[in-house]
Amino acid sequence: MHKLAENVYAADMTDKPKKKRAAAQLKGEITAYKRRRILEEASHFFFANGYEATTLDSVAEQLNVTKPFIYSYYKNKGELLYEICQTGIQLSLTALEEALAVEGTATEQLKIVVERVARIIIENQRYVTVYLREEKSLTPDDARRIRDLRHTFDTKLAALLEKGKRSGEFDVAAPSRTAIWVSGLLSWIALWYHEGGRWSATEVVMDAITMVQKMVQPAGGPNA
């Protein structure tokens, strides 16, 4: 009987760390969900009304929560704007780094980059548009942090273009400058694409791939 009790106690002690980890994970998931909901609602207001015209009271009312509830997850409206504005470039940078980790030619890697980043911009269109419109409303530090991310993206993209130039796949006079052109082409999708409009998301993505390929390939095509 004592042995059984000891085994039960030992099992309980073994389970406690697991339960704590599970509870911590669940709490983290709930917190992340609440932050996402606040961010999503704020992005709607920033997109429709602009940053200056949006109040946290209106965001709280739409979420059916109090303003202190929002403050428990974000310190102010400016932090909300930063989180929205950095989303597109952070996801794009991750997609670029993942594409560069895939074995293949520069042409193959560039196609993956353009396809993934174009889809990210379409899927996060509201966030990217808010950034393009409201960059001036960011604090100097927040604006610099996002510019640093964009610079990292452009630098890594330029390195990929340089790789293609060395292999003869690409004909680009200045890879660093071409990288900025490619980034701009992709970013501006957010300003003119309309869901359910004339072109589907897939058509836009495929067009982006074609346009970038034409921008970098030697005259006469990839095998010229």
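Selection of the stretch 123-145 for residues being more than 17 Å from Trp188 (Cβ to Cβ) and touching a Phe, Trp or Tyr at 6+ places or on another chain (Cβ under 8 Å) yields Ser137, Leu138, Thr139, Asp142, Arg145. Among the residues of the stretch 73-94 satisfying the criterion of being among the aromatic types (Phe, Trp, Tyr) and not in a helix (DSSP H, G or I), which is nearest to Lys136 (Cα to Cα)? Per the criteria, the residue is Tyr74. Reported count of residues in the stretch 148-171, each being of a type in the set (A, V, I, L, M, F, W, C) and in a loop (DSSP other than H, G, I, E, B), is 1.
Within the stretch 41-100, the set of residues being of a type in the set (Phe, Trp, Tyr) and in contact with a Ser or Thr (Cβ under 8 Å, 6 or more places away or on another chain) comprises Phe45, Phe46, Phe47, Tyr51, Tyr73, Tyr82.
Has the stretch 129-149 got at least one residue that is modelled with pLDDT under 95, out of contact with any Pro (no Cβ under 9 Å at 6 or more places or on another chain) and exposed (fewer than 13 other Cβ atoms within 10 Å of the Cβ)? No, the stretch 129-149 contains no residue that is modelled with pLDDT under 95, out of contact with any Pro (no Cβ under 9 Å at 6 or more places or on another chain) and exposed (fewer than 13 other Cβ atoms within 10 Å of the Cβ).
The values are calculated or read from the model by the stated rules, or taken from the named source; none is laboratory data. These numbers come from a predicted model, not from an experiment. Quick reminder, even Gly has a Cβ in these numbers, built from the backbone with ideal geometry, and neighbours come from all protein chains shown.
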